[in-house]
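To start, the structure under review is shown below, and the notes come after it.
FYI, it's all coordinate maths here, none of it is from the lab. All values derive from a computational prediction rather than experimental measurement. Ideal geometry is used to build each Cβ from the backbone, glycine not excepted, and the neighbour counts take in all protein chains shown.
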Amino acid sequence: MELRHLRYFQAVAEDLSFSKAARRLRVAQPALSRAVKDLEIHLGVELLTRSRRGVALTEAGAVLLDETAILLQRVDHLVGRVQRTAAGEEGEIRLGYIGAPTHAFLGRLLREFHQRFPRVSIVLEERTPERVWEMVARGRLSLGLTRPVLAAPSANLRTLLLRKEPLCGVFPNGDPRAKKKSVQWKELRQDPLIVLARREGVGLHEEILEACRRARFNPRLAHTPSVITTVLSYVEAGAGIGIIPESVALLGSGVPLTFRPLTPQQCVDLVMVWKEDDLSPPLLAFRALVTEWRQAGKLWN
């Protein structure tokens, strides 16, 4: 028994006419009659009574008609889902991300993706950069928006650079350097510094230390909080000078602090990372949208 047999039977049972059903299906009437007869032989029951006055359903035929309608509806639904999934229009994406650097664009990006692909669900997981890389490598995340990490598992992973983000100094409003347009790294050599803990962001932590070394001083780290916005609280409390990525400065508006670019400019990267062999259509569609936004400059505007 094939789906074709059920579709042919359904048409005849609904029209109660072989000729009308044949015209609707655009098949030859003898072929239609033979398919319905083959179905009856396969089931071992009579589904239709045929007479000069026309065609009528038997009790068994009425049951089959009801069940066929349900079955073919499910088949059509299944075909639609398979086709939408193949086109990237249905499925699930598990997205790992780091908070502050993606705050400026992630909500807008997800909104547009949902408008284009309303049947694709996105599960968000905010993690540390190291954890994002690990989970993508193990297949527990579809992709990540994160920082590069020093000892990241490199096998089968690919990245796309989204932005090189400058580092900024965080100063109390009363600090003389707050009046400058920019501050040199070497001007921080006497200050206790407050930076994100290394375990929470190895790449960022190392970039800060490298900038200090280039300015020919060893930094004195007063505090290394595990949450980047806590750097602002420490500076506000007078515990030292903070060093943060530019994206965190944007989150700090409204606090009694001043954010100034540090020169020479030192940047930390924001990248998209994914497994090279993950070719699921929803993931390909999401990566394409991120690339489109990157090229159009929409990630930061």
Subject >> Amide H contacts of Thr263 (H built 1.01 Å from N, under 5 Å, at least 5 apart or other chain) >> reply: Val183, Gln184, Trp185
Subject >> Value at 222 nm in deg cm²/dmol, rounded to 500, when DSSP H runs of n ≥ 4 in the chain each add -39,500 (n - 2.57) >> reply: -13500 deg cm²/dmol
**OP:** Determine the distance separating the Cα centre of the range 106-177 from the Cα centre of the range 27-101; give it in Å without decimals.
**Re:** 44
Original post:
For Ile93, which sequence-distant residues (separation of 5 or more, or a different chain) have an amide H within less than 5 Å of its own amide H, given hydrogens modelled in the peptide plane?
Top reply: Ser121, Ile122, Val123
Subject >> Under 5 Å, built H, 5+ apart or other chain: amide partners of Leu257 >> reply: none
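What's the exposure ranking of Trp274, Trp133, Trp185, going from fewest to most Cβ atoms within 10 Å?
Details: Trp274 20, Trp133 26, Trp185 23.
Fewest to most other Cβ atoms nearby, the residues stand as Trp274, Trp185, Trp133.
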Original post:
So what J values fall out for the range 65-80 if you push phi through Karplus, 6.51 cos²θ - 1.76 cosθ + 1.60 with θ = phi - 60°, rounded to Hz, Gly and Pro as x?
Top reply: 4, 4, 5, 5, 4, 5, 5, 5, 5, 5, 5, 4, 5, 4, 4, x
Original post:
What translational D, rounded to a whole number of µm²/s, comes out for the range 76-205 from Stokes-Einstein when the hydrodynamic radius is the Kirkwood one over Cα pairs, at 20 °C and 1.002 mPa s?
Top reply: 119
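When a footprinting reagent is the concern and you count Cβ atoms within 10 Å, what order do Lys181, Lys164 take, fewest first?
Least to most surrounded, the residues fall as Lys181, Lys164.
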Original post:
Looking at the square roots a ≥ b ≥ c of the eigenvalues of the Cα gyration tensor of the range 163-268, which shape do they give, rounded for a/c under 1.5, prolate if a/b is larger than b/c, or oblate?
Top reply: rounded
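Going through the range 192-279, which GluC sites (Glu not before Pro) have at most 14 other Cβ atoms within 10 Å and a DSSP loop state?
Those satisfying the criteria are Glu276.
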**OP:** At a Cα cut-off below 23 Å, give the lysines reachable from Lys37, other chains included and same-chain residues fewer than 8 away excluded.
**Re:** Lys20
Subject >> Relative contact order (%) - criterion: Cα under 8 Å, at least six apart; region: the chain >> reply: 21
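With N set to the number of residues, divide the alpha-carbon radius of gyration of the chain by 2.2 N^0.38 Å and report two decimals.
Values: Rg = 32.0 Å, N = 301, 2.2 N^0.38 = 19.2 Å.
Compared with the compact-globule rule of thumb, the chain sits at 1.66.
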**OP:** For Lys298, go through the aspartates and glutamates and keep the ones whose alpha-carbon is under 18 Å away, minus same-chain ones fewer than eight residues off.
**Re:** Glu112, Glu165, Glu246, Asp269
Original post:
Ranked by Cβ crowding within 10 angstrom, fewest neighbours first, how are Arg74, Arg53 ordered?
Top reply: Arg53, Arg74
Original post:
Based on the alpha-carbon gyration tensor of the range 10-80 and its eigenvalue square roots a ≥ b ≥ c, which shape applies: rounded if a/c is under 1.5, prolate if not and a/b is larger than b/c, or oblate?
Top reply: oblate
**OP:** With θ set to phi - 60°, apply the Karplus curve 6.51 cos²θ - 1.76 cosθ + 1.60 along the range 118-134 and write out the HN-Hα couplings as whole Hz, x wherever there is a Gly or Pro.
**Re:** x, 8, 9, 8, 10, 9, 9, 9, 7, 9, 6, x, 4, 5, 4, 4, 4
